[in-house]
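The values are calculated or read from the model by the stated rules, or taken from the named source; none is laboratory data. Since the model is a prediction, treat every value here as computed from it, not as a measurement. Here Cβ is always computed from backbone atoms with ideal geometry, including for glycine, and neighbour counts include all displayed protein chains.
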Amino acid sequence: MRTVSKPERLAYEKVTSGVLQHTTSFFHKRGFNQRLPQILSTITDTLDGDPGSAVLKSESITYLEQRLMLMQSMILHKQILIKNGVEKFFIISPNIRLENPVRRTTGKHLFEFNQVDFEVRGAKMKDIFRVMDAFIISMVNKIIETCPKELELFGRVLKPIKGPFPVYDMDELVKAHGPEWEQKLSEGAKTPFWVTSIPREFYDKADPAHEGKFLNYDLIYNGGFCEALSGGERETDFGIIMSKVRAHNLQEKPYVQAFLKLAEEGLVPSAGGGFGVERLVRYLTGAPHVGDVQMFPRVPGEPVIV
Ligand code: ASN
């Protein structure tokens, strides 16, 4: 097990607090509503359609004979909020993802973490890139300014970065660098960068102009810290949603059925994403493992102490 000294723990707490403060003030300033998270629901994305997922199972509790899932992602709730007229919002949302213990040493996986999940009605991929570029750039500056002692303690030399962050197509990256492109490029990059067109969830929008391409994205941190955010423009075409659901054989899943009902009534175009708070703190502090930044670590394969 990793060891984190008491001064380091306190320093991670201070940086986390700075991250939360800047996150709320940044999104509020840009007109995003903040809403409260859900922790239990009849629906949550179980991530079955995502080839990158290693979640063992989705857990639920029974309350008054109703089965309520532990939230893995608020993606479906985000689309319901948009459909109900909320223009743009963000949520600091606790997510439970019971990861395979083989992910213990990846440095970036937790089975309980917090995701800043946001969504913007009518937005396109590029709108999200500009918001997030400004967010990461300002966050780095903020932490340099407010947490110099903490950065020094970690031996972390954090430098201001410039945008716009570069954008790459995933197929091109795989062709040029093989399946390990993420780690390789993250280690060599000077700034975070965007990767688009990732074959995954049925709710991400297929690119109508380019067959086999998707209008979705990941933001990858530089410095070997890998994935920061995943998101996309959302699919609103019921026929396309149905064919993707069938291709992944998800039609029997209750969360998919609830989503299909919504999609049949008509979805409203939006785009958004979600980034992990703990991963962001790890990036800023250079922590060896994302579990190090948690006062109460939730690392797959490690017992919970408190
Ligand atoms: N938050 C992600 C998104 O907005 C989805 C997820 O958590 N699986 O696309």
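If the condition is being more than 25 Å from Asn33 (Cβ to Cβ), in a helix (DSSP H, G or I) and out of contact with any Pro (no Cβ under 8 Å at 6 or more places or on another chain), then the range 103-133 contributes only Thr105.
With respect to the conditions (1) free of Cβ contacts under 8 Å to residues at least 60 places away in the same chain; (2) among the basic types (Lys, Arg); (3) more than 15 Å from the ligand (Cβ to nearest atom), Lys149 lacks only one, and its number is (1).
Taking the range 1-28 only, how many residues are under 21 Å from the mean Cα position of the chain (by Cα) and over 18 Å from Val299 (Cα atoms)? Adding up the residues that qualify gives 13.
In the range 102-122, what residues are acidic (Asp, Glu) and within 12 Å of the ligand (Cβ to nearest atom)?
The answer is Asp117, Glu119.
Is it the case that the range 227-241 has a residue that's within 16 Å of the ligand (Cβ to nearest atom), buried (at least 17 other Cβ atoms within 10 Å of the Cβ) and part of a helix (DSSP H, G or I)? Yes: the range 227-241 contains one or more residues that are within 16 Å of the ligand (Cβ to nearest atom), buried (at least 17 other Cβ atoms within 10 Å of the Cβ) and part of a helix (DSSP H, G or I). Going by the structure shown, is Thr46 surrounded by 13 or more Cβ atoms within 10 Å (Cβ to Cβ), of a type in the set (Ser, Thr, Tyr), closer than 30 Å to Lys205 by Cα and touching a helix residue (DSSP H, G or I) at 6+ places or on another chain (Cβ under 7 Å)? Answer is yes for this residue. Give the residue that is surrounded by the fewest Cβ atoms within 10 Å (Cβ to Cβ), with candidates limited to residues of the range 137-157 that are among the aliphatic types (A, V, I, L, M) and out of contact with any Gly (no Cβ under 8 Å at 6 or more places or on another chain). Among residues in the range 137-157 that are among the aliphatic types (A, V, I, L, M) and out of contact with any Gly (no Cβ under 8 Å at 6 or more places or on another chain), the one surrounded by the fewest Cβ atoms within 10 Å (Cβ to Cβ) is Val157. Considering each residue of the range 54-62 in turn, none proves to be surrounded by 15 or more Cβ atoms within 10 Å (Cβ to Cβ), out of contact with any Lys or Arg (no Cβ under 6 Å at 6 or more places or on another chain) and β-branched (Val, Ile, Thr).
Under the condition of being in contact with a helix residue (DSSP H, G or I) (Cβ under 8 Å, 6 or more places away or on another chain) and touching a residue at least 60 places away in the same chain (Cβ under 8 Å), the residues counted in the range 28-43 number 3. If you check Gly301, Gly223, Gly276, Gly232 for being farther than 29 Å from Ile137 by Cα and modelled with pLDDT of 95 or more, only one passes: Gly301.
Looking only at the range 141-174, count how many residues are of a type outside the set (A, V, I, L, M, F, W, C), assigned to a helix (DSSP H, G or I) and under 24 Å from Lys126 (Cβ atoms).
Quick first cut of the range 141-174, residues of a type outside the set (A, V, I, L, M, F, W, C) only: 141-142, 145-146, 148-150, 152, 155-156, 159-160, 162-164, 166, 168-169, 171-172.
Now restrict to residues that are assigned to a helix (DSSP H, G or I): 141-142, 145-146, 148-150, 152, 171-172.
Now restrict to residues that are under 24 Å from Lys126 (Cβ atoms): 141, 171-172.
Of the residues in that region, 3 qualify.
Identify the residue in the range 274-296 that is small (Gly, Ala, Ser) and crowded, with 24+ Cβ neighbours inside 10 Å and, among all such residues, is nearest to the ligand (Cβ to nearest atom). Show your work before the answer.
Keep residues of the range 274-296 that are small (Gly, Ala, Ser), which gives 274, 276, 286-287, 291.
In the following step, the residues that additionally are crowded, with 24+ Cβ neighbours inside 10 Å were identified as 287, 291.
Working: Ala287: 22, Gly291: 19 Å.
Result: Gly291.
Any idea which residue in the range 250-272 is nearest to Pro51 (Cα to Cα), counting only those that are assigned to a loop (DSSP other than H, G, I, E, B) and within 16 Å of the ligand (Cβ to nearest atom)? Per the criteria, the residue is Leu250. Confirm whether Ser186 is closer than 30 Å to Pro7 by Cα, modelled with pLDDT of 95 or more and either surrounded by 14 or more Cβ atoms within 10 Å (Cβ to Cβ) or within 16 Å of the ligand (Cβ to nearest atom) (or both). Considered against the rule, which asks whether it is closer than 30 Å to Pro7 by Cα, modelled with pLDDT of 95 or more and either surrounded by 14 or more Cβ atoms within 10 Å (Cβ to Cβ) or within 16 Å of the ligand (Cβ to nearest atom) (or both), Ser186 comes out as yes.
So is Asp169 among the acidic types (Asp, Glu) and farther than 26 Å from Met74 by Cβ or not?
On the way: among the acidic types (Asp, Glu): yes; farther than 26 Å from Met74 by Cβ: yes.
Criteria met by Asp169.
Would a scan of the range 123-133 turn up a residue that is away from the ligand (no atom under 12 Å from the Cβ) and farther than 23 Å from Lys205 by Cβ? No - not one qualifying residue is present in the range 123-133.
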